[in-house]
Amino acid sequence: MEWAHHGIFFREELIELMCEGLGVRPGKLKELRCTESRILLGQFYPYCPQPDLTAGIVPHTDHTLLTVMVQDQIGGLQVKRENKWVNVVPVEGAVTINIISNDKYKNVEHRVLANRSMESRISVPLLFHPAGVSNVDDDSSYYGPLPELLSAETPPCYKDFTLAEFWKQSQSKAICSKNLTSAFSTARDDENLS
C-alpha cells in the first residue's frame, strides 16, 4: 500500500519528464488526465518445477498509458528487442517503466518466464489510465496523438479513439494479443486500403 501511495507522486514527476522528452509544455499530460485512474496489481510467481513447459505471462503489451513496476531480484521479465527476447535484469531500488505514445516512446512487447528459482517471485505493477476508465460507456473524450507532435514529417501512428472504443477492444482480446495498440494503428488503415 505504501508503494501505491508513493507511486502517485512518482507518476507526477514522471509525466512531467515525459512532457519534456516529448517537447510539449509541462503539465500537458496532467491536464488531459491521461494518468488519473490507477490499478495496483500484485503478481506472485511460485517456483515452477518444469519452467520449460509453461509460461509465466504470455507475450503482450500493456493496455495502459503508463505502467510503473517494482520487481524483486528473482528476474524472469523479458522484453522483445529486434525480434529477440532479452532479460530485464532486476536492479535493486529501481523501477521498470512502460509507456505508450505516438511511437516516440514505444509500448514494448514483454513476457514473464515461469519461475525457475526455489524462491517465489513477486512484482507489483501500478498501471495508470486516463480518467473515466471505469466508465466504458463514456464517449465524451477522444484520445490520440498530441497535435503538437504531428507534422508532415511525423504523421500520426494511431487514430483518435474514445475510452469506450479502447476498452471494448481490450476486452475483446486475450492478454496474448501481442499489441492492443495495433487495433488503432493508422498503418492498419493503410493496409486495408491497399
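Taking the numbered list (1) within 18 Å of the chain's Cα centre (by Cα); (2) within 19 Å of Tyr142 (Cα to Cα) in turn, Met69 passes all entries but (2). Kindly evaluate Thr64 against the criterion of being assigned to a loop (DSSP other than H, G, I, E, B), closer than 18 Å to Gly144 by Cα, touching a Pro at 6+ places or on another chain (Cβ under 8 Å) and open to solvent by less than 30 Å² (accessible area, probe 1.4 Å). The answer is no for Thr64.
Yes/no per residue for (1) open to solvent by 40 Å² or more (accessible area, probe 1.4 Å); (2) under 22 Å from Leu146 (Cα atoms); (3) not small (Gly, Ala, Ser):
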| position | (1), (2), (3) |
| --- | --- |
| His6 | yes, no, yes |
| Arg11 | no, yes, yes |
| Leu17 | yes, yes, yes |
| Glu20 | yes, yes, yes |
| Gly23 | yes, yes, no |
| Leu32 | yes, yes, yes |
| Gln43 | yes, no, yes |
| Cys48 | no, no, yes |
| His60 | no, no, yes |
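Condition first: touching a helix residue (DSSP H, G or I) at 6+ places or on another chain (Cβ under 7 Å), at pLDDT below 85, more than 19 Å from Lys28 (Cα to Cα) and open to solvent by 70 Å² or more (accessible area, probe 1.4 Å). Can you find one or more residues in the range 137-148 that meet it? So far as the range 137-148 goes, yes, one or more of its residues are touching a helix residue (DSSP H, G or I) at 6+ places or on another chain (Cβ under 7 Å), at pLDDT below 85, more than 19 Å from Lys28 (Cα to Cα) and open to solvent by 70 Å² or more (accessible area, probe 1.4 Å).
Contact map, the range 26-53: residues that are farther than 16 Å from Val112 by Cα and at pLDDT below 85 paired with residues that are open to solvent by 30 Å² or more (accessible area, probe 1.4 Å) and outside any loop (DSSP other than H, G, I, E, B), Cβ distance under 6 Å, separation 6+ or inter-chain. No pairs are found.
The values are calculated or read from the model by the stated rules, or taken from the named source; none is laboratory data. Note that the structure is predicted; figures quoted are calculated from it, not measured. Reconstructed Cβ throughout: ideal geometry from the backbone, glycine too, with neighbour counts over all protein chains shown. SASA here: full protein model, heavy atoms, side chains in, ligands and nucleic acids out. Shrake-Rupley method; radii C 1.70, N 1.55, O 1.52, S 1.80 Å.
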